[in-house]
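Structure first, then comments.
Quick note: the coordinates plus some simple rules give every number you see, no bench work behind them. Every value quoted in this text rests on a predicted model; they were computed, and no experiment measured them. Note that we place each Cβ from the backbone using ideal geometry, even for glycine, and neighbour counts take in every protein chain shown.
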């Protein structure tokens, strides 16, 4: 069951509600609460046992949430909550009947139905020229909201809705200090709400991010696959790519205009993907060691490229010396309590012998074992990846030391945090909290990321946007009008942190986007244009720029090796990718501008990015018919577009135009 327990103030959301989830204890070793707030991943919300029940308290923003329980037996419905529905998220291939949790305050006050706070989620300016002000209204209240200023009132615009609330917004000229209130005019009465006063000098200090982060664009590399030295992989999947090889290919990345490299794990490990870390303080010898990494850092710095590492702190390798000592010495080792180990020392030695024997087999490191058969918790049954105990203060200190070591000793600019949604938010707050102002730290959160932004990370892998992109550009499950509604939900859920989301069309965990489109270059380029002109930090996975298109089926096929035969490259995709990256680098509107939709209708996406009065208009015709648009300004980039007259263009099917409006 769940209960709404209390309300807490929040510097970003205004307020959150403490929700207690609980279930009957039935003899399970452990239980987790999982939901769309952590991508249904067991790990971040481990339940406590009290008498005959498991329970956990989670601060959540108001809204509809979906959840399950997870025990060694697998996912379980909440038998005490009759409200259920099927929840599907194609971004990470999740589909299940789940329980519904409605989080909405009913205190008998005005703020039950109308809500605003002077926090960055509700009032902010990205360019000190335009201020957006938002108001949240319960959907049962029918009326017209206005913002009341000293010089009059302005009608607010409905920009989106979710299950419980309608969200209204108005854009007004910037003032250092702003005083305002709201009036909601209904058929029965006028509701006055306010006044509010905001000082933007104070408000701007609430956000936690380095200024340079807004200007990043990423290129993601899996070292082993980026410069393969052998045609066929060894028994653990290695193709032999290393950092020295990467250095030889750095010119290709420079020519694209990339500003940041995200390297998947480079530390000592046994697998080709290296998400099984054995030594966190050294670059793997198979990749060239620390010396090669130093050379990469120097050459990247000379080229104006920032380096970001992949931190795997949800689990370690089975072969990590810490875990091996825990298995051998049992509870006499301090590392025993670094992991989620449940069995006695006899079982530990027996299972160690069994797994070491198993590890000698071909491809055995990739196998899974039922968690019931293991004496320790893992990353979804992968025996090679034992889960760390994130409640242990020594684990927190260790992770913080590793993060600071690479920042201080090697001057990297930030981290991508693997399986971030599988680790408690308070862990990340304690480990990363004072680093957010100086470094870009983005977490892998595969679903609704609201509870993870601001206090934990200043960026997230934007799987919610990826889901919407799949639904619209690939599977056509939603209309362009619905696509816009969902984009605006991201805007009201993430606020200015949307500008710091790590946006992508694909990565090492999902199918190549071009492959999902069956190689349709015109459709791919429309999606690529959207990626580089929408709010946030765009990224590409190595090889996207030349047309790699493997679809993930059963064996991580999307991690295909980079093809260095230029005669086989798709020059159209390469040229367009390069042009988009360079255009974004040269135009601050595309890096920091406000996203203002003009019209999303009948598969034509028409919007502008505005920064300090300068505008770039983007028109994407994703329909099967030509459309005409009147324009004023210079066309910066286009495909399948012709001019009808001086100020009239025709966008043919699957086309786009970027127009400079000055």
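Starting from the Cα of residue 204, step 7 Å toward the Cβ, then list every residue of the range 114-130 with an amide N under 15 Å from that point.
Residues 120, 124-130 qualify, since their backbone N sits under 15 Å from the label point.
Suppose R0 equals 51 Å. What FRET efficiency, 1/(1 + (r/R0)^6) with r the Cβ-Cβ distance, do residue 578 and residue 10 give to the nearest 0.05?
For residue 578 and residue 10, the calculated efficiency is 0.75.
Report the relative contact order of the range 95-229, percent, no decimals, based on alpha-carbon pairs under 8 angstrom and at least 6 residues apart.
Reported as a whole number, the value is 19 percent.
For the range 591-661, what class follows from the C-alpha gyration tensor (a ≥ b ≥ c being the square roots of its eigenvalues): rounded when a/c is under 1.5, otherwise prolate if a/b is larger than b/c, else oblate?
Since a/c reaches 1.5 but b/c is at least a/b, the shape of the range 591-661 is classed as oblate.
Between residue 230 and residue 95, 0.36 nm times their residue separation minus their Cα-Cα distance comes to what?
Full extension from residue 230 to residue 95 adds 44.8 nm.
Fully extended, how many nm does the chain gain between residue 53 and residue 295 (0.36 nm per residue separation, minus their Cα-Cα distance)?
So the chain would gain 81.6 nm between residue 53 and residue 295.
What nm distance separates the two modelled labels at residue 437 and residue 80, each placed 7 Å from Cα along Cα→Cβ?
4.3
Calculate the spin-label point distance for residue 111 paired with residue 643, positioning each point 7 Å from the Cα along the beta-carbon direction, and give it in nanometres.
5.6
Given a Förster radius of 45 Å and the C-beta distance between residue 601 and residue 211 as r, what FRET efficiency does 1/(1 + (r/R0)^6) yield to the nearest 0.05?
0.80
Given the Cα-Cα distance of residue 650 and residue 164 and 0.36 nm per residue of separation, how much length would full extension add, in nm?
Stretched out fully, the residue 650 to residue 164 stretch lengthens by 170.9 nm.
If I model a spin label as a point 7 Å beyond the Cα along the Cα-Cβ vector, how far apart are those points for residue 331 and residue 153 in nm?
6.9
Specify the inter-centroid distance of the range 1-80 and the range 373-394, based on alpha-carbon positions, in whole Å.
20
Kindly rank 42-50, 406-414 from highest to lowest mean number of other beta carbons found within 10 Å of each residue.
Order by mean packing, descending: 42-50, 406-414.
I need the shape label for the range 2-103. Rule: rounded when a/c is under 1.5, else prolate if a/b > b/c, else oblate, with a, b, c from the alpha carbon gyration tensor.
Taking the square roots of the gyration eigenvalues as a ≥ b ≥ c, the range 2-103 is oblate.
Quick one: grab the alpha carbon gyration tensor of the range 110-204, order the square roots of its eigenvalues as a ≥ b ≥ c, and give me rounded if a/c is under 1.5, else prolate or oblate depending on whether a/b is larger than b/c.
prolate
Tell me, what is the FRET efficiency for residue 248 and residue 571 to the nearest 0.05, using R0 = 30 angstrom and their Cβ-Cβ distance as r?
Working from the Cβ atoms, E equals 0.85.
Using alpha carbon centroids, what distance separates the range 145-217 and the range 481-522, in Å?
Going from one Cα centre to the other spans 26 Å.
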